[in-house]
Structure formats: structure tokens, C-alpha cells
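Below: one structure, written as C-alpha cells.
The values are calculated or read from the model by the stated rules, or taken from the named source; none is laboratory data. A quick note: this is a predicted structure, and the numbers were derived from the prediction, not measured. Ideal geometry is used to build each Cβ from the backbone, glycine not excepted, and the neighbour counts take in all protein chains shown.
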Amino acid sequence: MTDQIRPQPGILDIAPYQGGESRLAGRADVLKLSSNENPWGPSPRAKAAFAATVESLHRYPSTDHAALRAAIGEVHGLEPGRIICGAGSDEILTFLCQAYAGPGEEVLHTRHGFSMYRICALAAGALPVEVPERDRTVDVDALLGACSGATRLVFVTNPGNPTGTMIDGATLERLAEGLPPQALLVLDGAYAEFAEGYDGGAEMVGRRENVVMTRTFSKLYGLGGLRIGWAFGPDHVIDVLNRVRGPFNLSQTQLETAEAAVRDREWAEFCRAENARLRAWLAGELAGLGIPSDRSHANYVLARFADRREAEAADAHLREEGIIVRRVAGYGFPEALRITVGDEASCARVVTALAGFRAMAS
């Protein structure tokens, strides 16, 4: 009878998400640069807040996330009532698809966008529609051309992952203005803090009814292991998302640690400045080895090789040196490797390893 017990349409079309590797057999000195993690970790204030919550683990957390929303609002100049928090921004992407997309409806995403967009759309029974990019950058004209009466959500990663490229505010405005009236634009700003002068779309969200932005504590704030994200959107969208959000979707440990992290502006600025400095150095050194990359606005570079064979050979050499980066063939770049910007010693280790690879090939 099991052939009659079937999941909803679309579920079996989902290929489970694969995270970055973290181990290499026989190596104790593994350098993990595959998941875009903050090499300096969370702030001291966040660590202290995390440790303090051990005394209240028997208590249920707040259901309204008021203190964390207030802290986010204070730091970013946003209305706390228009903020929702989730178990990573991934959960909020799931809420959006669950609430706004379903059978017979479409969810647009770009060719090189975050693979969770497709997964969330299929899980909701909607049809994911992949739209090409231009020169590894979001193509707004292609997105607008792909819209139809069935389009309900349009996901844009800005800065892009794995490319690190981004589109400017005027281009985003044109996209939002050109969408069909039933569609929401979702600006995924997981790496927004690393892009100088970029507010993640907050100003635009603040005055439009068809745009939502998502953010995470996993990258700049070094809290990937805790899974905390948030979104800012129009009142009508946040109201809907709170109706599908579980009342205890974040623990008190998550809430208090994230609040301490977002309030520690000195640590955030240190991490941002170091990333910018080392990102430029790493990209420059790789270019000197004949390994180009687009200007990155995130905490990684997309290193491009001659072809897939060379990229795979470079990856194999890095692994022999105990360094794990991310192959991104699944994102449409078989000829490239995404390399997280680590601390100074880590970046130097990558450059030395790839210089050795180049020397072996010559």
C-alpha cells in the first residue's frame, strides 16, 4: 500500500541541499573555506550572552522576539514592527513560499542564485523558473521578461552568491517597479553587510508594498551554528508571515546571542574592514597567478580557471594541501571555485597553494 502514500507534487523533485565540506581524511590541519564563515567568529559580547543563557534553558523563549527586533531596528534604523525573525534567513524564504506560492504559480530566481530558492518553491508546490544572468550578474531585463500572470515571488541574491557581484539601487528600483501587481520581490541580503554603502534594500522596502529583504547572522556576525535570520518588509507581508511562523521558532539562546551580536558595532566593523582588506589582497594575488575573479562585494571570491578540468585539478591540489573550497558547478560555474576570505594566514596559505599548482602546471 506504500505506493498510495505519496508526498505532495514537487517534493520528490528536490535534490537535498549540500553544505560545504569541513573534513579531509588524514588531515588534522584542514582549512575550511567552503561555507563563507567569519574566520574571526562571533563577538566577545555575543559569546558572553550565549554562555549566560545556560541558566534559563528550562524556560520557553519569547514568542514575539521583541528585544531582538528592537535591537535590529535600532542599529539599522528600521521599524521593529516590520521585522520578523527566523531560524536563519532560510526559514523566512520557506515562509514566503509557503504563504505566497503554490500549485499553478511560479517563483523566479536567477541562474546562479541560492539553491534554496528552488527547494522552497518545490516544497510549496510551485514551479521554480530559472532566469539567465548576464556576465555573472543579475539581469533585470531577463527577470522582467520572464514574469507572467503566474509569477508570485522573484528572488534576487544581492550581492550574488557565488559570484560576489551586485546590482545597484536604481536597477533594483526598476525591477520592483516593473513586476506584475501580484508579485513580491525578495532581496536576499545574506552578504549585504560586506558591500560598502549598501543597505540591503532597506530604504526601498521602507516605501514600497511589493519588496521584502532578508538578512542573516550567519556571515558577518559569525553565528552560522545558531541559525538566526530576519526580514524587513511591508506590514501586510510581515503580518502574513507571522501567521505561519511557529511561536517558538527561535530559542532564548538564539535571541539573546543575536541581540548582543548586532549591538556590538565595534566587532562588526572590525570583521567588515578586515574582510574588505583581505578580499582585495586575495583577489589581487590570484589575478597575478592568472586566476581572475569579478570584483566581489561579499566575503568570498569566485576564482575562474580556463575550464572545468583545470578548476577540478586546482581543487584537488588545494585538498592535498589541506584546503577545502567550494566547487560551484551546481550553480552553473564548472570552471570556477568559490573561495571564502579567511584571516591573513588563511589567505596566504591559499595563494601559496595555488602558486604551487601553477608552478606544477608550467
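Scan region 326-352 for residues that are surrounded by fewer than 22 Cβ atoms within 10 Å (Cβ to Cβ), of a type in the set (A, V, I, L, M) and under 15 Å from residue 310 (Cβ atoms) and the total you get is 2. Restricted to region 295-320, and to residues there that are of a type in the set (Asp, Glu) and either touching a residue at least 24 places away in the same chain (Cβ under 8 Å) or under 30 Å from residue 197 (Cβ atoms) (or both), the residue that is surrounded by the most Cβ atoms within 10 Å (Cβ to Cβ) is 310. Of the residues making up region 325-362, just one is within 17 Å of the chain's Cα centre (by Cα), farther than 10 Å from residue 302 by Cβ and in a helix (DSSP H, G or I), namely 330. Among the candidates 143, 127, 172, the residue that is under 21 Å from residue 15 (Cα atoms) and either in contact with a helix residue (DSSP H, G or I) (Cβ under 9 Å, 6 or more places away or on another chain) or modelled with pLDDT of 95 or more (or both) is uniquely 127. Only one entry in 203, 196, 209 is out of contact with any Cys (no Cβ under 7 Å at 6 or more places or on another chain), assigned to a helix (DSSP H, G or I) and not hydrophobic (A, V, I, L, M, F, W, C), namely 203. Here residue 237 fulfils each of the conditions (1) assigned to a helix (DSSP H, G or I); (2) in contact with a Pro (Cβ under 9 Å, 6 or more places away or on another chain) apart from (2). Residues in region 231-243: is at least one surrounded by 19 or more Cβ atoms within 10 Å (Cβ to Cβ) and within 14 Å of residue 68 (Cα to Cα)? Yes, region 231-243 has at least one match.
The residues in region 61-120 that are closer than 23 Å to residue 220 by Cβ, in a loop (DSSP other than H, G, I, E, B) and in contact with a Pro (Cβ under 8 Å, 6 or more places away or on another chain) can be counted, and the count is 1.
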